[in-house]
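Let me begin by presenting the structure, written as structure tokens, before commenting on it.
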Amino acid sequence: TAFNPAAAGKASVINVTGAYNMTLTGFEHNPRTMYAAGDMPFYLLGAYHGVGLKFVNDAIGLFSHKTFALQYAYKQKLLGGTLNIGVQVGFLSENFNGSELDVETSNDPAFSTSEVTGSAFDLGAGLYYQHRNWYVGASVMHALGPTVEMGERNELSVSQTYYFTAGCNIRLRNPFLTIQPSLMA
């Protein structure tokens with residue numbers, strides 16, 4: 001669900017994921033990323049569905065990016081497998097702490113000398129097909145290419161991101177071992 005909302009509810013369990021990453025530890029303003037998500041399937045009105053929730057907090061340098069998103073996937077049986085059609089509705093929040101900025105010319109109008117924030121609506125969509133031991137998916141995140149206005153003079157454009165995933169489970173004679181090759185582009 002990190003990069004394809006159609007994967008929400010793909011397994012018949014409640015799935016909770018969390019990760020925290022720190023890079024260049026010990027350096028001032030080092031990159032830090034926190035990711036938390038959960039999804040689950042449910043049955044309603046004669047059909048299977050999936051729902052999910054995602055939160056990302058990404059800080060690098062004087063920038064901070066936050067994403068909060070709700071995900072929904074409709075599941076349909078197709079050719080012996082399941083096709084999921086998903087959508088993600090989200091909220092982007094961008095922050096730049098210009099009060100800690102160290103520039104050569106202190107009165108340069110291109111750089112804010114105070115903390116500026118902005119937010120924008122975000123949308124994503126995807127397809128995910130799962131058949132016994134293999135799967136394939138495609139999605140677009142930031143589909144609207146939102147522009148976040150930060151303060152009076154600054155803006156940040158967020159480009160669309162396209163993902164393609166595929167993978168399979170190869171079962172070996174030993175029932176406790178499987179090989180799970182995958183591809184993400």
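Summary of computed values
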read-out	value
Counted residues, the stretch 40-50 - those being buried (at least 17 other Cβ atoms within 10 Å of the Cβ) and either not in a strand (DSSP E or B) or not hydroxyl-bearing (S, T, Y) (or both)	4
Search result, residues across the stretch 51-61 that are surrounded by fewer than 16 Cβ atoms within 10 Å (Cβ to Cβ) and farther than 17 Å from N15 by Cα	D58, I60, G61
Residue identified as polar (S, T, N, Q) and under 23 Å from G81 (Cα atoms) among S182, S119	S182
Which numbered condition S64 fails, given (1) surrounded by 17 or more Cβ atoms within 10 Å (Cβ to Cβ); (2) polar (S, T, N, Q); (3) over 20 Å from G118 (Cα atoms)	(3)
Selection status of T23, among the polar types (S, T, N, Q), within 30 Å of F96 (Cα to Cα) and in contact with a Lys or Arg (Cβ under 8 Å, 6 or more places away or on another chain)	yes
Candidate set from the stretch 90-128 (those that are open to solvent by 70 Å² or more (accessible area, probe 1.4 Å) and at pLDDT 75 or above); member that is farthest from T165 (Cα to Cα)	T117
Only one of Y43, Y35, Y74 that is in contact with a Lys or Arg (Cβ under 9 Å, 6 or more places away or on another chain) and modelled with pLDDT of 85 or more	Y35
Tally of residues being more than 20 Å from H49 (Cβ to Cβ) and either among the β-branched types (V, I, T) or open to solvent by less than 90 Å² (accessible area, probe 1.4 Å) (or both) across the stretch 4-21	3
Considering residues of the stretch 129-168 that are open to solvent by less than 80 Å² (accessible area, probe 1.4 Å) and touching an Asp or Glu at 6+ places or on another chain (Cβ under 7 Å) only, the residue nearest to A11 (Cα to Cα)	H142
Residues satisfying the stated conditions in the stretch 158-185, i.e. at pLDDT below 85 and within 30 Å of F121 (Cβ to Cβ)	V158
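The values are calculated or read from the model by the stated rules, or taken from the named source; none is laboratory data. Owing to the predicted nature of the structure, the values given are computational and were not obtained by experimental measurement. Don't worry about glycine lacking a Cβ; one is built from the backbone with ideal geometry, like all the others, and counts go over all protein chains shown. We work out accessible area using only protein heavy atoms, side chains counted, and drop any ligands, DNA or RNA first. Shrake-Rupley method; radii C 1.70, N 1.55, O 1.52, S 1.80 Å.
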